[in-house]
Amino acid sequence: MSTLEKTETLEATTIAANTQISGSQAVLEALIHEGVDTVFGYPGGAIMPIYDALYDYNDKLKHILVRHEQGGIHAAQGYARTSGRVGVAFATSGPGATNLVTGLADAMIDSNPVVCITGQVFASLLGTDAFQETDVINITTPVTKWNYQVTDATEIPSVLAKAFYIAKTGRPGPVLIDITKNAQLQLFDYEGYNKCNHVRSYRPAPIVRKEYVEEAARIINEAKKPFVLFGQGIILGKAEEEFKRFIEKSGFPAAATVMGLSALPTDHPLHVGMLGMHGNYAPNVMTNECDVLIAIGMRFDDRVTGRLDKYAKQAKIVHLDIDPAEIDKNVKAAVPVWGDCKETLPMLTALLDKIDHTAWLQQFRELEKEEIKEVINEELNPTTDIMTMGEVIRELNELTGGDAVIVTDVGQHQMVACRYAKYNQSKSSVTSGGLGTMGFGLPAAIGAWYGTPDRDVIAIIGDGGIQMTIQELGTIMQFGAKVKILILNNEFLGMVRQWQQLFHDKRYSFVNITSPDFVAVAKGYYIDGNKVTERKDLKSALKTMLEHDGSYLLEVMVGKENNVFPMVAQGTSVSEIRLK
Ligand SMILES: Cc1ncc(C[n+]2csc(CCOP(=O)(O)OP(=O)(O)O)c2C)c(N)n1
């Protein structure tokens, strides 16, 4: 559609300026102007005027009624992650609003652009402990990029414009707008909607300092052993192509953080694996061998750095990030390249000398062989009858060819999926990286599917995590999201059990978790499913799941006490990574 056609359509579907409308209508008008097509939400007393107005927007806005507000915000996050657009969630005041908090914290730490709209009690009742009154602004201040309470409808258009602008620009993040009921009901003279493109004292895209780029290029050009670490910043900056050109010019080995997965196709010859606690052997070891560490759009999370005082001490660090707060936060940079990597990467690439780093890359490949021999072979092609999570992912790769969106929950299955899943294209990995929120997987997969309904979306979830938000099967049932749910059941809270085994003398304290008949539960929601207990049935069961036209739940029984290796034990250095 051309810009002209788009504008005409927008004019035809939105309310003209100089009309009297309610605050609630103004909210929905703002969403239409911002290009929102899907909202995940749950109604209640304090947001009823907005839901009443929504009744007339049925043809313009899809509203997905989730089964819990946490599900709503995780779905909005999943939507944002696969679509690259802002996810939107509605909730009522009080318990509705507080149910958003985990998702806000998750979106904050993982930089997801999300706008939440909560209803609030009448302004006249604020501070009186009114029914379902909660101070959501104070509760959510540390877990939002911005929040604001509206008590007068005339503010709604400009506040929502600002909300969308702040959520999606710079380092993206969640915004919460709390709207009192009187403001939702209030009629006012609507002056039309103007998108926001500037907020005083907020600099989303810094002016890039050329001298820093030049200094970074000088250091990189002198490097004998350069190593690139890439994070989600590449995806958020829509800089996948710029990144590829950057590493390909001189052949830099590059490793992904969990959040950076899929920014570069997994089988790219310069992709040397995943960083972090359960990442690959070579990138962890080589972090302490390289002479220049080029970190792009990543934040040196403790799961990536391991023991900080032994982290890459020999290397000069070049850190490219859009958020100045990340520079020098955990790891001191020799050169900070503050800016949008879509802009800084081409500047840097232009200054690179063409240097052959094949021999250096080969060192990564040698270490990789060790990991294959010690860990990967047995995980992907086990020699016992007990099924492994790794072989399930291998089979899945073979069937999808790496084209699916892989959403995970949190735990061993997450680390195994992140280690072994293949990704051919960007925005294909959706996981709770920073907060590690169990219960994220199922609702995030629903949102991920709405964000990209033409792709296969596979939610890989543990038997523990699925039970945290299993109610969202109801959302799938009602709205028909085509999500494939793959439960890897080890009959334990596996990741905690692994730690208890390795670091607490195998004192298994409350990690034994029993499960319902998941397939029967799914069938109760009219979702088809199957359970696999033997290897001989695995491939055909996965095939049936993928070929099924609609949502599907497949439970696979895997080894109860299998561990995820390699592992950088907490408090140790990345180069002390254990293979067993
Ligand atoms: C909301 C929440 N509570 C607790 C934890 C701590 N935790 C991390 S992994 C894990 C076990 C997950 O078990 P399961 O879902 O069965 O997955 P598995 O590790 O077995 O693959 C727990 C309890 C968490 N990450 N999130």
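The values are calculated or read from the model by the stated rules, or taken from the named source; none is laboratory data. Predicted model only: the values in this text are computed from it and were never measured. Quick reminder, even Gly has a Cβ in these numbers, built from the backbone with ideal geometry, and neighbours come from all protein chains shown. When the accessible area is computed, the model is the full protein with side chains, heavy atoms only, and any ligands, DNA or RNA have been set aside. Shrake-Rupley method; radii C 1.70, N 1.55, O 1.52, S 1.80 Å.
Per residue and in cubic angstrom, what volume does the convex hull of the Cα atoms of region 210-364 have?
Roughly 92 Å³ of hull volume per residue.
Within a Cβ distance under 14 Å of Gln20, other residues only, what is the Lys/Arg minus Asp/Glu net charge?
-3
Where a ≥ b ≥ c are the square roots of the eigenvalues of the C-alpha gyration tensor, would you call region 1-149 rounded, which needs a/c under 1.5, or, failing that, prolate if a/b is larger than b/c, or oblate?
Judged from the Cα gyration tensor, region 1-149 comes out oblate (a/c at least 1.5, b/c at or above a/b).
For region 436-535, what is the accessible area per residue in Å² when the probe is 1.4 Å?
Roughly 41 Å² per residue, with all protein chains present.
Under the rule of at least 5 residues apart or a separate chain, name every residue whose amide H is placed under 5 Å from the amide H of Lys316.
Val292, Leu293
So what does Arg535 come to for accessible area, using a 1.4 Å probe and Å² rounded to 10?
Rounded to the nearest 10, the figure is 80 Å².
For region 110-177, rounded, prolate or oblate, judged on the Cα gyration tensor with a ≥ b ≥ c (square roots of eigenvalues), a/c < 1.5 rounded, else prolate if a/b > b/c?
Working: a/c = 3.26, a/b = 1.62, b/c = 2.01.
In terms of gyration-tensor shape, oblate.
Using alpha carbon centroids, what distance separates region 481-553 and region 423-453, in Å?
18
If I model a spin label at Glu561 and Ile15 as a point 7 Å from the Cα along the Cα→Cβ vector, what separation in nanometres do I get?
Result for the modelled spin labels: 6.5 nm.
Roughly how many percent of the accessible protein surface of the chain is carbon and sulfur, given a 1.4 Å probe and a whole-percent answer?
Details: 11810 of 23110 Å².
Roughly 51 percent of what the probe reaches on the chain is carbon or sulfur.
For a label point 7 angstrom out from the Cα of Ser515 toward its Cβ, which stretches of region 414-455 have the backbone nitrogen within less than 20 Å?
Zone members listed by number: 414-421, 431-432, 437-446.
Percent of alpha carbon pairs in the chain separated by more than 47 Å?
Pairs farther apart than 47 Å: 14 percent.
For Gln501 and Asn221, compute 0.36 nm times the residue count separating them, minus their Cα-Cα distance, and round to one decimal in nm.
96.2 nm
Under a 5 Å amide H to amide H cut-off, with H placed in plane at 1.01 Å, what residues pair with Arg455 once short-range neighbours are removed?
none
If you find the alpha carbon centre of region 43-57 and of region 139-208, how far apart are they in angstrom?
Their Cα centres are 20 Å away from one another.
Arranged from highest to lowest average of other beta-carbon atoms within 10 Å per residue, in what order do the peptides 336-346, 128-138, 167-177 appear?
167-177, 336-346, 128-138
Would you please put 201-209, 244-252 in order of how densely packed they are, using the mean number of other Cβ atoms within 10 angstrom per residue and starting with the highest?
Numbers: 201-209: 12.2, 244-252: 19.2.
Order by mean packing, descending: 244-252, 201-209.
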